[in-house]
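Derivation of every value follows stated rules applied to the coordinates shown; laboratory data play no part. Not measured: the values here are computed from a predicted model. Note: ideal-geometry Cβ built from the backbone for every residue, glycine included; neighbour counts use all protein chains shown.
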Amino acid sequence: MKKLLDVGGNTGKWTLAITQASPETEVTILDHQPQIDEAFKAAEKAGVKERVHGVAMNLLDHSKAFPKGFDVVWMSQFLDCFPPKDIISLLKRAKNALNENGRVYIIEPYWDRQQHEIGAYVLINTSPYFTALANGTSKMYSAKDMHEYIEAAGLEVDEEIDNLGFGHTMTVCRQKP
Ligand SMILES: C[S@@+](CC[C@H](N)C(=O)[O-])C[C@H]1O[C@@H](n2cnc3c(N)ncnc32)[C@H](O)[C@@H]1O
């Protein structure tokens, strides 16, 4: 059985997709309890609840380690919710949750990786919206910035794929030797 940690897994969209596609995968969601409760309901409906687990925690408490022993730590559209100091702490804790050959997967829409200028414009201008109307700290980052945070957390880029879906990038990171 492969073990995946879905950090900020929300109501389980990715968790359901991977557990349905891969019967050899079990997933643990880290999020607030109400989101985990919703994900459990969705997992039961989809017939995968035996392979979906959840741990409620405040992910902004840097002193709280993630559970350990994962082949994959998955962070989809999650790190853009936070300022750099929290991103680096989250990536360090993700690294410490990995098995020896495990990988951290980051999925984000970076403004410096868009195929069209309008895509970059829309993403850059999402940041003032986040600051003014959302939590005040979310920001759409460049891949260049994210690479600095990856490095600062003791990880390195193993593989990177641009232009997935609507201009998303998947960055696969491994522990630095
Ligand atoms: C933008 S959503 C992630 C969406 C999901 N991964 C996806 O790709 O569809 C961010 C998630 O992080 C969770 N989150 C944000 N801050 C958190 C915190 N301090 N502690 C626990 N969960 C948090 C939210 O509840 C939410 O589910």
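Side notes on the structure shown:
- Considering only A94, A134, A39, the mean-square fluctuation computed in a Gaussian network model of the chain, springs between alpha carbons under 10 angstrom, is largest for A134.
- Where labels lie 7 Å past Cα in the beta-carbon direction, separation of Q77 and E50 in nm: 3.2 nm
- DSSP bridge analysis restricted to the chain gives an antiparallel fraction near 40%, rounded to the nearest 5.
- Links that overshoot a 30 Å alpha carbon limit, given the list K41/K64; K45/K95; K49/K95; K45/K139: K45/K95; K45/K139
- Averaging Cα coordinates gives a centre for the range 36-78 and one for the range 107-177; these two points are 22 Å apart.
- Residue list for the range 65-82, given a label point 7 angstrom along the Cα-to-Cβ vector of D158 and an amide N cut-off under 13 Å: 70-74
- Distribution of pairwise C-alpha distances over the chain, 5 Å bins, in %: 1, 9, 16, 20, 20, 17, 11, 5, 1
- Relative contact order computed over the range 2-175 (Cα-Cα under 8 Å; 6+ residues apart), in percent: 19 percent
- Two-site FRET efficiency, T131 against R174, from Cβ-Cβ distance with R₀ of 25 Å, rounded to 0.05: 0.15
- Radius, Kirkwood style, for the range 82-177 when every pair of distinct Cα atoms is counted (Å): 14.0 Å
- In this rough spin-label picture, where each label sits 7 Å from Cα along the Cβ direction, the F166-K144 distance is 2.6 nm.
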